[in-house]
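Structure record follows, encoded as structure tokens.
The values are calculated or read from the model by the stated rules, or taken from the named source; none is laboratory data. Worth saying up front: this structure is predicted, and the values here are computed from it rather than measured. Every residue, glycine as well, gets a Cβ built from its backbone with ideal geometry; the counts of neighbours run over all protein chains shown.
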């Protein structure tokens, strides 16, 4: 799967679940420690906004200001859809994947930032599905794409603190690819 296609697939996975969030669901917990559905959705929308700003030339501090001042949108589905379109357009700009981007986690080529966004939307699509009791099955080709990118980091993922406890050690290498990916990122389905 080509990276821009993977971004579109990951965004679609999240959007599909977002459309199923009901008015009474926003304060429900998610698999992400201490995050409600509202927090999870806000994280995705703000992530899109920050990425668009960074790819457009904003500084790290300017991008962080977006996160600090963002309010939850009145129409989160429309905000996510608009962010999806803007983010896709920003990543499609000639040369952006090679340019060094001042991401809040460090300076990375745009291609690495693209992989961050693909992985983030993919994993949080599962989190959102789990939180609302929706279908948790992710696009198999997308799962394979994300797994290929993170597999080399699996041994250190638990120590990073960004993926819960990281891999449990109880999932065999021949397990279903989605289960491998979920387990590696600290999720216990």
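Remarks
- Test: residue in segment 122-136 that is touching a helix residue (DSSP H, G or I) at 6+ places or on another chain (Cβ under 9 Å) and without any contact (Cβ under 8 Å) to a residue 60 or more places away in the chain: yes
- Subset of segment 32-42 (residues that are modelled with pLDDT under 95 and either under 20 Å from residue 84 (Cβ atoms) or in contact with a helix residue (DSSP H, G or I) (Cβ under 6 Å, 6 or more places away or on another chain) (or both)): 32
- As for segment 77-87, it holds no residue that is touching a residue at least 40 places away in the same chain (Cβ under 8 Å), more than 14 Å from the chain's Cα centre (by Cα) and surrounded by 18 or more Cβ atoms within 10 Å (Cβ to Cβ).
- Residue within segment 45-66 that is modelled with pLDDT of 95 or more and at positive phi present: yes
- Selection within segment 89-139 - part of a strand (DSSP E or B) and under 16 Å from residue 53 (Cβ atoms): 100, 101, 102, 103, 107, 108
- Test for residue 12: is it part of a helix (DSSP H, G or I) and surrounded by 19 or more Cβ atoms within 10 Å (Cβ to Cβ): no
- Checking residue 142 against (1) under 14 Å from the mean Cα position of the chain (by Cα); (2) outside any helix (DSSP H, G or I); (3) closer than 21 Å to residue 88 by Cα, the condition it does not meet: (2)
- Out of 102, 109, sole residue that is at pLDDT 95 or above and either within 29 Å of residue 27 (Cα to Cα) or touching a helix residue (DSSP H, G or I) at 6+ places or on another chain (Cβ under 8 Å) (or both): 102
- Considering segment 171-189, the residues that are assigned to a loop (DSSP other than H, G, I, E, B) and touching a residue at least 12 places away in the same chain (Cβ under 8 Å) include one that is nearest to residue 147 (Cα to Cα), namely 185.
- Where a residue in segment 145-158 is at negative phi and touching a residue at least 60 places away in the same chain (Cβ under 8 Å) and its partner, wherever it lies, is surrounded by fewer than 17 Cβ atoms within 10 Å (Cβ to Cβ) and in a helix (DSSP H, G or I), with Cβ under 9 Å and at least six apart: 145/3; 145/5
- Of all the residues in segment 68-88, those that are assigned to a helix (DSSP H, G or I) and either under 20 Å from residue 27 (Cα atoms) or in contact with a strand residue (DSSP E or B) (Cβ under 7 Å, 6 or more places away or on another chain) (or both) number 5.
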